[in-house]
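The values are calculated or read from the model by the stated rules, or taken from the named source; none is laboratory data. Every value quoted in this text rests on a predicted model; they were computed, and no experiment measured them. Glycine gets a Cβ as well: all are built from the backbone with ideal geometry, and neighbour counts include every protein chain shown.
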């Protein structure tokens, strides 16, 4: 047994020596060359944004319709819009309505018909419901902000009366705009939104939330709002009895009340 262990140890010594000294007669291959980094790479996810030409080409005759707005990067933006009769006589408010869900081609139309249009149709405002994804992401956030900037310049709207609302994904997007873009919007109405971070909105904010929302705890949200109000934040919460996260189309009455809040408290002359 001792003789076998000695032979094994000797063989291991020989193998290790060969590895350390190089066990082939061929030269070691050269290190592969690393290609230089392109200082100006082509951006594959460039932001596709609205243009003045796209807004000027939009049909703003009174009525309700769905369309596609051309964007930069050869993209287009599906939207649903409601234009009041009064737009032909005087500048009107603008309401941006952000849908929830994953943003398929029919998302804006389905959301508009379910909630913003029934709630705001008597407000004499342009209601613009675009299609998008995560509204707080750079792509969709910048697109909305640029759209509003151009709309203030090229559409017959009152630039002091621009609000944003939305449900679920769109509600959380509304929170994002309320916290970060006070020069763009004058008020926000987030619905069924994630508002767990205690950061004061920079504009008046009217939260609507289901008492039975299974995604975002209404109890925790109430506590967050109470603490923010104690700090002087301009925010209020309206809980809807019996409403779950899937009750969007059942919140028309609450959104009508929010519209009255806009007209009577935020946009009053």
Let me confirm something: among 129, 52, 119, 151, which residue is modelled with pLDDT of 95 or more, closer than 20 Å to residue 173 by Cβ and over 21 Å from the mean Cα position of the chain (by Cα)? 119
With respect to residue 103, is the statement that it is in a loop (DSSP other than H, G, I, E, B) and under 12 Å from residue 129 (Cβ atoms) true? yes
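Every residue, every condition in (1) touching a strand residue (DSSP E or B) at 6+ places or on another chain (Cβ under 7 Å); (2) assigned to a helix (DSSP H, G or I), yes or no:
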position: 147; (1), (2): yes, yes
position: 162; (1), (2): yes, no
position: 209; (1), (2): yes, no
position: 220; (1), (2): no, yes
Could you figure out which of (1) surrounded by 16 or more Cβ atoms within 10 Å (Cβ to Cβ); (2) assigned to a helix (DSSP H, G or I) isn't true of residue 153? (1)
Answer yes if at least one residue in the stretch 115-125 is closer than 30 Å to residue 200 by Cβ, touching a strand residue (DSSP E or B) at 6+ places or on another chain (Cβ under 8 Å) and outside any loop (DSSP other than H, G, I, E, B), and no otherwise. yes
Those residues of the stretch 230-259 which are in a helix (DSSP H, G or I) and closer than 20 Å to residue 192 by Cβ amount to 248, 249, 250, 252, 253, 254, 255, 256, 257, 258, 259
Can you confirm whether the stretch 231-243 contains a residue that is free of Cβ contacts under 8 Å to residues at least 40 places away in the same chain, under 16 Å from residue 163 (Cβ atoms), touching a helix residue (DSSP H, G or I) at 6+ places or on another chain (Cβ under 7 Å) and crowded, with 20+ Cβ neighbours inside 10 Å? yes
Could you please find all residues in the stretch 69-85 being more than 16 Å from residue 108 (Cα to Cα) and in contact with a strand residue (DSSP E or B) (Cβ under 7 Å, 6 or more places away or on another chain)? 70, 71, 84
So residue 198 ticks every box in (1) touching a residue at least 60 places away in the same chain (Cβ under 8 Å); (2) touching a helix residue (DSSP H, G or I) at 6+ places or on another chain (Cβ under 7 Å); (3) surrounded by fewer than 18 Cβ atoms within 10 Å (Cβ to Cβ) but one. Which box is left unticked? (1)
What pairs can you find where one residue is in the stretch 60-73 and at positive phi, the other is surrounded by 15 or more Cβ atoms within 10 Å (Cβ to Cβ), and their Cβ atoms are less than 9 Å apart, with a gap of 6+ or different chains? 63/81; 63/82; 63/83; 73/47; 73/48; 73/49
Only residues in the stretch 123-141 that are at positive phi count as the first member; pair them with residues that are modelled with pLDDT under 95 and crowded, with 17+ Cβ neighbours inside 10 Å, Cβ under 8 angstrom, at least 6 apart or cross-chain, and list the lot. none
